[in-house]
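*Asks:* There's a structure below that I have some questions on.
The values are calculated or read from the model by the stated rules, or taken from the named source; none is laboratory data. Because the structure is predicted, anything quoted here is derived from the model rather than measured. Because the Cβ atoms are built from the backbone with ideal geometry, glycine has one as well, and the counts that use them run over all protein chains shown.
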Amino acid sequence: MAMRITPSILNADLSNLTGEISRIPSADAVHLDVMDNHFVPNLTLGLPVVECIRKNTEKFLDIHLMIANADRWAPAYAEAGAESVTFHVEASDAPIRLAREIRAQGARASMGLKPATPIEPYEDMLAELDMVLLMTVEPGFGGQKFLDLVLPKIRRTRELVTKTGQDIWVQVDGGVSLETIERCAEAGADTFVAGSAVYRADDPDAMVNDLRDKAIQACRH
């Protein structure tokens, strides 16, 4: 199972995003957190910024929409050229239709869940997805402490994903570091969002590789 590191630029220098992205050439994707100060208590970048980033990098763009009214806005991010778009199921009235709309635009469709949202009610729609994102902190701010209570949900999600027989990624987001990534990988995650751990490191790209190595080692065990 491949291990993917997708650094979040939430903790990068937002005044120089092109330069910050160039500091992580080993990253498997760039994770972009879109927040609207409604679904979560924070306000970050939006569609115009994503469109600008798309013009200035060929990196795989992994969009994480922490916004209300995801059904209206999510397809536009796929249309803008993002390779993956995550919407939160808590903010979607029609998640299956939305996943299909994202895929129709040529992007991977991903569903995000807050820490307290169970995966089991969505088992039947997993085949409509390319990735499931499990928040391991309460969404809204970077630099939070990893919530170990989500580990059992990661295991259950991996089991349900395996049952589909499809290549559906299991992504974790929040508090991912050299101290926590092994537990996530052992539980079944294969895609890891790391913000503070990467951009607060002296060498962000070296940290990307160190995190991937840790995850690979955990799977071998």
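*Asks:* Select, from 183, 155, 212, the only residue that is more than 30 Å from residue 37 (Cα to Cα), touching a residue at least 40 places away in the same chain (Cβ under 8 Å) and of a type in the set (Lys, Arg).
*Replies:* 212
Residue by residue, here is whether (1) in contact (Cβ under 8 Å) with a residue 40 or more places away in the chain; (2) among the polar types (S, T, N, Q); (3) assigned to a helix (DSSP H, G or I); (4) touching a helix residue (DSSP H, G or I) at 6+ places or on another chain (Cβ under 7 Å) holds:
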| position | (1), (2), (3), (4) |
| --- | --- |
| 101 | no, no, yes, yes |
| 109 | no, no, no, yes |
| 124 | no, no, yes, no |
| 139 | yes, no, no, no |
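*Asks:* Kindly evaluate residue 26 against the criterion of being modelled with pLDDT of 95 or more and within 19 Å of residue 137 (Cβ to Cβ).
*Replies:* Numbers: modelled with pLDDT of 95 or more: yes; within 19 Å of residue 137 (Cβ to Cβ): no.
Judged against the criteria, residue 26 is not a match.
*Asks:* Pull up segment 87-99, narrow it to residues that are touching a Ser or Thr at 6+ places or on another chain (Cβ under 9 Å) and either of a type in the set (Val, Ile, Thr) or part of a strand (DSSP E or B) (or both), then point me to the one that is surrounded by the most Cβ atoms within 10 Å (Cβ to Cβ). Give the derivation first.
*Replies:* So the first thing to find is which residues in segment 87-99 are touching a Ser or Thr at 6+ places or on another chain (Cβ under 9 Å), and the list is 87-90, 98-99.
Those left that are additionally either of a type in the set (Val, Ile, Thr) or part of a strand (DSSP E or B) (or both): 87-89.
Values: 87: 27, 88: 24, 89: 20.
Checking each candidate, the answer is 87.
*Asks:* Can you name every residue in segment 70-103 that is out of contact with any strand residue (DSSP E or B) (no Cβ under 6 Å at 6 or more places or on another chain), more than 14 Å from residue 125 (Cα to Cα) and among the hydrophobic types (A, V, I, L, M, F, W, C)?
*Replies:* Matches in segment 70-103: 73, 76, 80, 91.
*Asks:* Looking at residue 219 and the list (1) in contact (Cβ under 8 Å) with a residue 40 or more places away in the chain; (2) of a type in the set (A, V, I, L, M, F, W, C); (3) buried (at least 23 other Cβ atoms within 10 Å of the Cβ); (4) assigned to a helix (DSSP H, G or I), which single condition is not satisfied?
*Replies:* Single failed check for residue 219: (3).
*Asks:* With the requirement that a residue be within 15 Å of the chain's Cα centre (by Cα) and small (Gly, Ala, Ser), what does segment 8-33 give you?
*Replies:* Within segment 8-33, the first condition is being within 15 Å of the chain's Cα centre (by Cα), and the residues that meet it are 8-11, 27-33.
Those that are within 15 Å of the chain's Cα centre (by Cα) and small (Gly, Ala, Ser): 8, 27, 29.
*Asks:* Please find, among 49, 85, the residue that is farther than 18 Å from residue 109 by Cα and either within 17 Å of the chain's Cα centre (by Cα) or without any contact (Cβ under 8 Å) to a residue 40 or more places away in the chain (or both). Show your work before the answer.
*Replies:* On the way: 85 fails: farther than 18 Å from residue 109 by Cα.
Only one candidate passes the filter, namely 49.
*Asks:* Can you tell me how many residues in segment 148-194 are outside any helix (DSSP H, G or I), more than 11 Å from residue 133 (Cα to Cα) and hydrophobic (A, V, I, L, M, F, W, C)? Please lay out each step first, then the result.
*Replies:* Keep residues of segment 148-194 that are outside any helix (DSSP H, G or I), which gives 165-180, 188-194.
Still in the running and more than 11 Å from residue 133 (Cα to Cα): 165-167, 175-180, 188, 194.
Narrowing the set further to residues that are hydrophobic (A, V, I, L, M, F, W, C) leaves 176, 178, 194.
Matching residues across segment 148-194 total 3.
*Asks:* Now for a separate question. Which residue is farthest from residue 112 (Cα to Cα), if the candidates are limited to segment 1-28 and must be acidic (Asp, Glu) and surrounded by 13 or more Cβ atoms within 10 Å (Cβ to Cβ)? Outline the logic, then answer.
*Replies:* Of segment 1-28, the ones acidic (Asp, Glu) are 13, 20, 28.
Now restrict to residues that are surrounded by 13 or more Cβ atoms within 10 Å (Cβ to Cβ): 20, 28.
On the way: 20: 25, 28: 19 Å.
Across segment 1-28, the extreme among qualifying residues is 20.
*Asks:* Just the residues that are within 16 Å of residue 114 (Cα to Cα) and among the hydrophobic types (A, V, I, L, M, F, W, C), please, taken from segment 29-52.
*Replies:* Those that are within 16 Å of residue 114 (Cα to Cα) and among the hydrophobic types (A, V, I, L, M, F, W, C): 34, 35, 39, 40.
*Asks:* Okay, moving on. Of everything in segment 180-215 that's at pLDDT 95 or above and among the polar types (S, T, N, Q), which residue is surrounded by the fewest Cβ atoms within 10 Å (Cβ to Cβ)?
*Replies:* 209
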